[in-house]
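Enquirer: First the structure, then my questions, so here it is.
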Amino acid sequence: MTPRPRVVITRKIPAACEAEAAARFDAVVNRDDVPLTPEQLMEALRTADALLPTVTDKVTAQVLGTAGRRAKIVSNFGVGFNNIDIAAAKSLGITVTNTPDVLTDDTADIAMTLLLMVARRAGEGDRHVRQQAWTGWRPTHMLGARVSGKTLGLIGFGRIAKAVAQRAHHGFGMRILFADPFPPPPEVARSLGAEQRASVEEVLREADFVSLHCPATPETRHLMNAERLRLMQRHAFLINSARGDVVDEAALVAALGQGTIAGAGLDVFEREPSVTADLLGMENVVLLPHLGSATLETRTAMGMRALENLSLFFAGQPVRDRVV
Ligand code: 8YV
């Protein structure tokens with residue numbers, strides 16, 4: 001009997017996925033559940049047939065180029081793959097897959113959560129009650145900004161942005177603007193009440209809420225810099241459930257401090273898990289620990305999808321979610 005493929009899974013994954021991995025493969029799970037070091041990642045690539053990493057694993061060119069590599073596939077647990085050097089994988093002939101689709105709805109829900117929380121001062125209100133600072137109801141207490149009927153600008157209009165548009169337009173009666181170099185067919189945009197704008201800048205000028213939905217690439221790094229933050233309206237809010245690199249966090253802190261924008265809702269950060277200290281003290285900012293896809297249902301579906309890609313690969317069939 002040929003031995004089963006050995007797969008290194010870099011973090012604990014939902015129990016159902018771990019069971020499935022054990023049933024299909026000679027699976028090794030990092031029980032310590034702390035990010036593997038570059039040396040440990042290289043060892044995994046040398047001793048296993050596949051690596052199943054997450055956003056916390058920096059699968060660099062150096063890691064992929066380890067001498068004596070045995071693994072021929074990296075099955076990423078996540079739709080974003082900026083943790084992997086794709087060019088290096090391509091030149092080394094390593095297959096990389098990701099887990100699209102299954103996390104779309106939950107990530108859109110977290111974008112709406114951030115939007116609602118920051119507009120309606122929910123984090124601040126929660127802290128206020130817990131600190132027993134609440135002295136009672138009054139007509140002028142903690143007034144926020146209305147969400148319903150406002151204009152939402154989406155930077156990027158892929159799967160997650162469209163799911164946000166669906167919720168915001170059909171649920172909250174919001175007007176939707178978007179900028180994307182690869183727009184969907186006009187009828188798709190129309191069904192979501194979404195109007196295309198020619199540039200990111202045009203969206204920023206018009207929107208009451210700006211939500212980021214582009215991938216992290218060299219081109220989108222610090223897309224939201226000081227100059228673009230200045231284009232936003234003073235009453236507008238920035239929402240980021242995409243990747244921390246898309247926002248210049250120092251410029252965001254300055255914009256929030258100067259009142260250039262009204263607030264921000266952030267699920268992702270430039271140097272996770274570190275968060276720029278100034279943000280921690282700001283009441284008009286909602287901070288979440290990268291929870292976009294964090295439901296049991298979605299994390300289980302992500303794990304199963306990553307395993308499915310591995311099964312197809314080892315069966316010699318085309319993988320479902322090939323990145324390279
Ligand atoms: C994941 C994400 O939690 O899929 C992504 O791109 O950002 C999150 O949903 C994380 O990347 C898991 O590796």
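Enquirer: Which condition does Ile239 not pass, out of (1) hydrophobic (A, V, I, L, M, F, W, C); (2) outside any helix (DSSP H, G or I); (3) free of Cβ contacts under 8 Å to residues at least 24 places away in the same chain, if it passes all the others?
Expert: (3)
Enquirer: Any residue in region 298-316 that is in contact (Cβ under 8 Å) with a residue 40 or more places away in the chain sitting within a Cβ distance under 6 Å of a residue that is more than 14 Å from the ligand (Cβ to nearest atom) and among the aromatic types (Phe, Trp, Tyr)? List the pairs, counting only those 6 or more apart or interchain.
Expert: none
Enquirer: Just name the residue that is surrounded by the most Cβ atoms within 10 Å (Cβ to Cβ) out of those in region 75-100 that are outside any helix (DSSP H, G or I) and away from the ligand (no atom under 11 Å from the Cβ).
Expert: Ser75
Enquirer: Please verify whether region 45-52 includes one or more residues that are closer than 14 Å to Asn76 by Cα and under 20 Å from the mean Cα position of the chain (by Cα).
Expert: yes
Enquirer: Okay, next question. Which one of the conditions (1) open to solvent by less than 30 Å² (accessible area, probe 1.4 Å); (2) in contact with a Gly (Cβ under 6 Å, 6 or more places away or on another chain); (3) more than 14 Å from the ligand (Cβ to nearest atom) does Ala264 fail to meet, given that it meets all the rest?
Expert: (2)
Enquirer: A further question on this structure: If a residue has to be among the small types (Gly, Ala, Ser), within 15 Å of the ligand (Cβ to nearest atom) and open to solvent by 40 Å² or more (accessible area, probe 1.4 Å) to count, how many in region 275-324 make the cut?
Expert: 1
Enquirer: Can you tell me which of Ala255, Ala216, Ala264 is in contact with a Lys or Arg (Cβ under 8 Å, 6 or more places away or on another chain), assigned by TED's automatic domain parsing to the domain that holds Ser148 and in contact (Cβ under 8 Å) with a residue 40 or more places away in the chain? Show your work before the answer.
Expert: On the way: Ala255 fails: in contact (Cβ under 8 Å) with a residue 40 or more places away in the chain; Ala264 fails: in contact with a Lys or Arg (Cβ under 8 Å, 6 or more places away or on another chain).
The unique qualifying residue is Ala216.
The values are calculated or read from the model by the stated rules, or taken from the named source; none is laboratory data. Being a predicted model, the structure only gives us computed values, none of them experimental. Please note: Cβ atoms are built from the backbone with ideal geometry, for glycine as well, and neighbour counts cover all protein chains shown. We work out accessible area using only protein heavy atoms, side chains counted, and drop any ligands, DNA or RNA first. Shrake-Rupley method; radii C 1.70, N 1.55, O 1.52, S 1.80 Å.
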